[in-house]
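Working notes for the structure below.
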There are 2 protein chains.
Amino acid sequence: MLEKSITLPEEAGKELSELEIEAIQMFINFLKLIGLPKSVGEIYGLLFVAPKPLAMDEIMSRLNISLGAASQGLKLLRGVGAVKATYVPGDRRDHYVADLELSKFATAFIKEELHPRMERALERIRRMEQLSADMTPEQRKATMMKIERLKHWLEKGNKMLPWILKFLVR
Amino acid sequence: MLEKSITLPEEAGKELSELEIEAIQMFINFLKLIGLPKSVGEIYGLLFVAPKPLAMDEIMSRLNISLGAASQGLKLLRGVGAVKATYVPGDRRDHYVADLELSKFATAFIKEELHPRMERALERIRRMEQLSADMTPEQRKATMMKIERLKHWLEKGNKMLPWILKFLVR
DNA sequence: CAATAATTTCAATAAAAAATGAAGTCCCGG
DNA sequence: CCGGGACTTCATTTTTTATTGAAATTATTG
């Protein structure tokens, strides 16, 4: 059976252009901020500047990332609405395009990270209020003051969120 | 040479109260959001509900964390303004108190994470504009449009930050 | 000033997170 | 329906990040 020449480590798909590299680095940095792994930033960065839809294997070979990373990264990006699959006639593969609406990331972050944590925090605060019931009056007073602070802060955050969202989305 | 009885894993300092546990878990979760390690959340959580200043070794033994983690965590928290060292008469050790102003974390995050990344992103965008100079007019047009989007979004974010800060700080 | 307690630092280790790629699943076109 | 490409999953490995604790440094105090 014939075998292609051994794949050199640095061979990969077409080299990335400088433009692509800048875009990719930019998104790696930004998405890291909201806790997304490097590979996701790479994929989105590449798609962001791509002049046409890219298939998964193109993404893999351009970025030198594994099948699994490409598949999972695209899944996440699709889930968040930051990438769309498009139909390309005469090609069996899915092709992907970046949604240029950056607010998708902010929205997803707020919905998936911030909100749940705030909810959880409110539960804990309620629990803390209960617990402070059996304390000496003195301790109780001090504790309640702190809890009030926490609540106040959370409420402030909660009030701000819709405003931020509206502002970001357009 | 005499040896103390073997230290049991679960021995440690005075057990944490339920209240302390709730507070600690809450802050672990919140601070994780802005990329701070668990130990930092633990320390802040403990200090937040503590009725009096705590020395580093008390923190260590209550939380069962190492000398290094305690020292580094406190250093970080002090750096961010979330914890203050107080003088306790007749005690050689430093004692620490939580600053209840939660906005300290938001401020630090914006200053230390968000702002630098935005600056860096703007640099990259400038570079991208340069690079798009030698492209076919068609490609160039499409690329410039994307770059405009990026800029627009960054500017929007930049305008929003001071507002958010003002809102959070009181 | 010693003596020693308190704290910081940092190389080594452990824990957590991300990437890999082989095995399995799901089509689509003949 | 079956053959094979496209994709997904997930156990394993790699990489990154956090924690540990011993050694070095910096006070404090008798």
Discussion item. For a quick check: with amide H placed at 1.01 Å from N, whose amide H comes under 5 Å from B:Ala55's, ignoring anything fewer than 5 positions away on the same chain?
Written reply: B:Tyr96
Worksheet entry | Peptide-level mean, for B:125-132, of C-beta atoms on other protein chains within 10 Å | 4
Worksheet, complete the sentence: Rounded to a whole number, the mean other protein chain Cβ count within 10 angstrom for residues of B:148-155 is 3
Practice prompt. Using only atoms on other chains, find how many Cβ atoms lie within 10 Å of each Cβ of peptide B:19-26 and report the average.
Written response: 6
Worksheet entry | segment A:69-170: chymotrypsin sites (Phe, Trp or Tyr not before Pro) in DSSP coil with no more than 14 other Cβ atoms inside 10 Å | A:Tyr87
Discussion item. If I take R0 = 35 Å and measure r between the Cβ atoms of A:Arg120 and A:Lys14 in this structure, what FRET efficiency does the formula 1/(1 + (r/R0)^6) give, to the nearest 0.05?
Written reply: 0.15
Worksheet item: Of the listed peptides A:89-95, B:62-68, what is their order by residue-averaged count of other C-beta atoms within 10 Å, with the highest listed first?
Response: B:62-68, A:89-95
Discussion item. If each residue of separation counts as 0.36 nm, what is the full-extension length gain between A:Phe167 and A:Asn64 once their alpha-carbon separation is subtracted?
Written reply: 33.4 nm
Worksheet entry | Ascending list, in nanometres, of distances separating the A:Asp57 label from those of the other copies (7 Å, Cα toward Cβ) | 6.6
Discussion item. Modelling each spin label as a point 7 Å along the Cα-to-Cβ direction, I'd like the B:Asn158/A:Lys32 distance in nm, to one decimal.
Written reply: 2.2 nm
Discussion item. If I build a Gaussian network model for chain B, linking alpha-carbon pairs within less than 10 angstrom, which residue out of B:Leu33, B:Leu54, B:Leu131 has the largest mean-square fluctuation?
Written reply: B:Leu131
Worksheet item: Between copies, how close do the A:Leu100 label points come, placed 7 Å along Cα→Cβ, listed in nm from shortest?
Response: 5.0
Worksheet item: ³J(HN,Hα) across segment A:100-105 via Karplus (A = 6.51, B = -1.76, C = 1.60, θ = phi - 60°), whole Hz, x for Gly/Pro?
Response: 7, 6, 4, 4, 3, 5
Worksheet, complete the sentence: Filtered hits (lysines, Cα-Cα < 22 Å from B:Lys159, offset >= 8 within chain) -> A:Lys32, A:Lys104, A:Lys156, A:Lys159, A:Lys166, B:Lys104, B:Lys111, B:Lys146, B:Lys151
Worksheet, complete the sentence: Taking every other residue with Cβ under 15 Å from the Cβ of B:Ile43 and scoring Lys and Arg +1, Asp and Glu -1, one gets +1
Worksheet item: If one takes the longest principal axis of the Cα atoms in chain A, at what angle in degrees, from 0 to 90 and to the nearest 10, does the Cα axis of helix A:137-169 lie?
Response: 40 degrees
Worksheet, complete the sentence: In whole Hz, the Karplus estimates of ³J(HN,Hα) for segment B:73-83 (6.51, -1.76, 1.60; θ = phi - 60°; x where Gly or Pro) are x, 5, 4, 4, 5, 5, x, 8, x, 8, 9
Discussion item. With an 8 Å Cα cut-off and a minimum separation of 6 or more residues, compute the relative contact order for chain A in percent.
Written reply: 15 percent
Worksheet item: By how many degrees, between 0 and 90 and to the nearest 10, does the Cα long axis of helix A:115-131 differ from the longest principal axis of chain A?
Response: 20 degrees
Practice prompt. For helix B:38-49, report the angle its Cα long axis makes with the longest principal axis of the Cα atoms of chain B; keep it between 0 and 90° and round to the nearest 10°.
Written response: 60 degrees
Worksheet item: Given the convex hull over the Cα atoms of the protein assembly as shown, what projected area results after averaging over all orientations, in nm²?
Response: 27.5 nm²
Worksheet entry | Protection-proxy order for peptides A:77-85, B:21-29, each taking the mean of Cβ atoms within 10 Å per residue, highest first | B:21-29, A:77-85
Response to the item:
Distances in nm between the label point of A:Arg126 (7 Å along Cα→Cβ) and its equivalents in the other copies, shortest first, are 5.2
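Values quoted throughout were computed directly from the atomic coordinates according to the rules given, and no laboratory measurement underlies them. Note that this is a predicted model, so its numbers are computed, not measured. Don't worry about glycine lacking a Cβ; one is built from the backbone with ideal geometry, like all the others, and counts go over all protein chains shown.
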